[in-house]
Amino acid sequence: MTVRRALTILMVLGLWEAVRRFDLVRPLLLASPTEIASALVKSWLDYVIALRLTAIEIAIALACAWTLGIAAGTIAGLRPFLSATAGPLLSSLFAIPLISWYPLFMVWFGIGITSKIAYAIVSGFLPIAINTMNGIRTVDDQYLLLGKAIGCSRRQIIFRILLPMAMPSIVSGLRIGTALVVIGVIVAEMLSSLGGIGYLISYYRSIYATEHVYLGILLALGCAFAANWGLGFVERRFTHWRVLQIEER
Amino acid sequence: MKSLVLFTQLAFVALVIGLWAIGSWIGAFDPAILPPPANVAIALEGLLRNGDFLAYSLDTITRVVAAFVIGAPIALAAGFVMGENVGVGRSLSTIFNMVLSVPQSIFLPLFVLLFGLGFTQKLIFGITHVFFVVAINAMAAVRQVPHGQVTLARSFGAGRLRVYRSIYLPAMAPQVMTGLRLGIIFDIIGILLAEMYASRTGLGVLLLRWGESYTVDKLMAASVLISAATIAINETMRIWELRVGRWRKVLENR
Amino acid sequence: MTAGRPLVIETRGLRKVYGIGRAPLVALQDISFAVEEGSFVSLVGPSGCGKSTLLQMLAGLVPSTAGEVLVDGVAVHQPAPEKISVMFQDATLLPWKRVAENVEFPLEVRGMKVAERRKRAAAMLSLVGLADFAQRYPHELSGGMRQRVSIARALAPDPRIMLMDEPFGALDEQTRIKMGHELLRIWEKTGKTIFFITHSLTEALFLADTVLVMSHRPGQIVGTIKVDLPRPRTYEIIGSAEFGAMRNRIWKLISQDDREVIGEGMAGL
């Protein structure tokens, strides 16, 4: 199976290379794999520095968005009145194109690393909070009763019963939130920045260095996949039981 | 209870605005960074009377609508086909899901490289934003049609058209509406982003320009306006979604 | 009258009303009974008569509108997990924890040390016959097995009193019968006091020393049946004439409109 996959990938790469080699497409529009590779080799240091910056921004933003989102969602989920009031408000806010507020973030936080992180945190916060809130709210009352009957303190009920039980919802919120954080950082870098992978992509586009644009985008996608992959660990660790439950039906 | 909830929500919004106003009044905020709400309101009123602003807004709206009007029907068609055709659907849907999970906004520089700065580039960018989410939802909508009902209707001699109208349509409508709603939201995000990144006209350009020149009152006014407009669109479509899916609620309440 | 063993549970004039103002719903009215230490008491009644509410009040999970619940002579206002364990119809096992970890859960909450609680959980699992499944997850077990884990979990903190709210309600008949036998075996071995709610007349009679009969709207005790059948009880007893007579009496009590409280040999009083 993996051999077949490897062969398919090789074939695609070969075709891609061929399309460029035989001048079927203008060099402006499409860069061949070899061109992209050589671009990487030529400017690898620039890319390493850029990726490092982007990665730091993403990491900080993720940490904040996750904690704030889960905390807010938990608080709202615990009190039915709060979830009834906050829920619809948060859902409505989610429709707002946050990108339209980015220039304001620029005014408030400058064009450095802070504005990217702040923007990304706000992007990721909402879906995490909303999903956490719903996850906690919909835990079956039986589990709450069980906790009380066993003699759990409020804190124990939240951390040992509610949160683990709500994990599947929380994780799906984390998935969306993480994606939005990564996009947020990179897009913000594209619009106004002094560094980072988004900035590089933008710069190379402005000088029509096609192979660098493709390279940059691939690396940016790499960031997104890496974040997703990391999330996969969290998901497996905390929701393995859910997957098994569904499988057994 | 419902009115209490609504009251609390309004009270909260009022509280935020109130704190903002008081904060500005006592000088807690730098007016160059966060202008008082009154200034923003004045700026908003000014914008609504400003011909240039309205012209730029129209540009944005045109792009959004065009992308939607072109993208949505194609996406619906594609989604229906994928839904009906399990084989085709499965392979395509994995690809579509992959595309959806990949951040489309990241490809913007590539779009500019490929299609230039003009209307076409933004249109295509917008269309890609609309297309995938509408198609996936359309496909899911078809998949969830209760086939038992279809067989039953056919056994009563219902013709193809009849079956489509009385069973497929009501069953699919809510999910399709969800897809359309998300489609237009993504569309707006995409167009604004494209305008901010590389454009000569449109609201995005204005926002970025005002941001770079610290024209905060106009910036806030425009941001608030855009936010209000999108919320309004979202809520309206959500109401339609609910209305069209009312039969679902009935089933749930049993 | 049997020689009075200490009264471990007492209720006096319990009343529960829901909804203030417009249309108050009287869920429970004037519930008074007593349970002797070490006895097996079942409560039978139609669906919706407030049995679960009553059990939750006994467990200290729900406050009463009037009247009191006494456990060991002390009024109950909140759960007393050292004395009382509760079991619900749904096993309510924590799905992300293994079977053994589920059984350990009440002990973990109480702060028992790891080694000690592992030992205790293992012992309880042996008692219910599930020692081999200690490392499995709840979803790998059948409904009956899950309820057995639930029993093990309820037994783990070694409570003197076990309150059970239709624990076998979701099981098929054969499993129910088997579980009933299991429960009696455990009860006889451990000497605990068991308060068992069910809507099955047969089950109530088969298991208990005393059957409390409840009616609904509002929920009240309409009768008490002392079950003098010999122990250990086997399934054949269900076919006996005595059993049938008692079951008919219960049926009459439940289905009669005229709510007369008949007291027949109330246990221990």
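Observations
- Among C:D72, B:D217, C:D90, C:D228, a tally of other beta-carbon atoms within 10 Å of each Cβ gives an order, fewest to most, of C:D228, C:D72, C:D90, B:D217.
- Length-normalised contact order for segment A:106-249 - Cα pairs under 8 Å, 6+ apart - percent: 26
- Modelled FRET efficiency - R0 56 Å, C:E68 with A:A71, Cβ distances, 0.05 increments: 0.90
- Shielding value for B:235-241 is 1, the average number of Cβ atoms from other chains within 10 Å of each residue's Cβ.
- Farthest positive-ward along segment B:1-117 dipole, Cα basis, beta-carbon charges - from B:F111, B:S24, B:A55: B:F111
- Between B:L19 and C:K178, the C-beta separation translates, for a Förster distance of 56 Å, into a calculated FRET efficiency of about 0.30.
- The protein assembly as shown: C-alpha gyration tensor shape, a/c 1.5 cut-off, then a/b vs b/c: prolate
- Rounded to whole Hz, the Karplus (6.51, -1.76, 1.60) HN-Hα couplings of segment A:98-109, x for glycine and proline: 4, 4, 5, 9, 4, x, 5, 4, 4, 5, 6, 10
- Global geometry of chain B, whether rounded, prolate or oblate, following the gyration tensor of its Cα atoms and the 1.5 cut on a/c: oblate
- Proxy reagent accessibility, fewest Cβ within 10 Å first, across C:D172, C:D165: C:D172, C:D165
- In plain terms, chain C is cut at each of the GluC sites (Glu not before Pro) found in a DSSP loop with at most 10 other Cβ atoms within 10 Å, and the longest leftover piece is C:1-259.
- Projected onto planes of every orientation and averaged, the convex hull of the alpha-carbon atoms in segment C:29-159 covers 9.2 nm².
- Compactness of segment A:31-248 was expressed as the Cα radius of gyration divided by 2.2 N^0.38 Å, which yields 1.20.
- For segment B:28-33, 3J(HN,Hα) computed residue by residue from phi via the Karplus equation (6.51, -1.76, 1.60; θ = phi - 60°) reads 6, 10, 6, x, 6, 9 Hz, glycine and proline entered as x.
- For segment B:23-64 versus segment B:176-190, the spacing of their alpha-carbon centroids is 26 Å.
- The mean number of Cβ atoms from other chains found within 10 Å of a Cβ in peptide A:148-157 is 6, as a whole number.
- Label point distance in nm, A:V25-A:L82, each placed 7 Å from Cα along Cα→Cβ: 5.1
- 222 nm mean residue ellipticity, helices alone, for the protein assembly as shown (DSSP H n ≥ 4; -39,500 (n - 2.57); rounded to 500): -22000 deg cm²/dmol
- With a 10 Å cut-off around each Cβ of A:83-90, the average count of Cβ atoms from other chains is 4.
- The distance separating the Cα centre of segment C:26-81 from that of segment B:80-100 comes to 57 Å.
- Footprinting exposure proxy for A:Y47, A:Y214 (fewest neighbouring C-beta atoms within 10 Å first): A:Y47, A:Y214
- Each peptide in B:68-74, C:74-80 receives the mean, over its residues, of other Cβ atoms within 10 Å, and ordering these scores from highest gives B:68-74, C:74-80.
- Interchain or long-range residues, amide H under 5 Å from C:G219's placed H: C:L28, C:Q29
- Spatial offset of segment A:31-49 relative to segment A:58-95 amounts to 40 Å, using the alpha carbon center of each.
- Cross-link pairs exceeding 32 Å in C-alpha to C-alpha distance, out of A:K116/A:K148; C:K16/C:K97; C:K16/C:K83; C:K16/C:K192; C:K16/C:K113, comprise A:K116/A:K148; C:K16/C:K97; C:K16/C:K113.
- When the Cα positions of A:I197, A:L90, A:A118 are compared along the charge dipole of chain A, A:L90 comes out farthest toward the positive end, with charges on each C-beta of Lys, Arg, Asp and Glu.
- Stretchable slack from B:L48 to B:L242, in nm (0.36 nm times residue separation minus alpha-carbon distance): 66.6 nm
None of the figures in this text is laboratory data; all of them are computed from the coordinates on show. What you see is a predicted model, and the numbers here were worked out from it, not measured in a lab. Neighbour counts run over all protein chains shown; Cβ positions are idealised from the backbone, glycine included.
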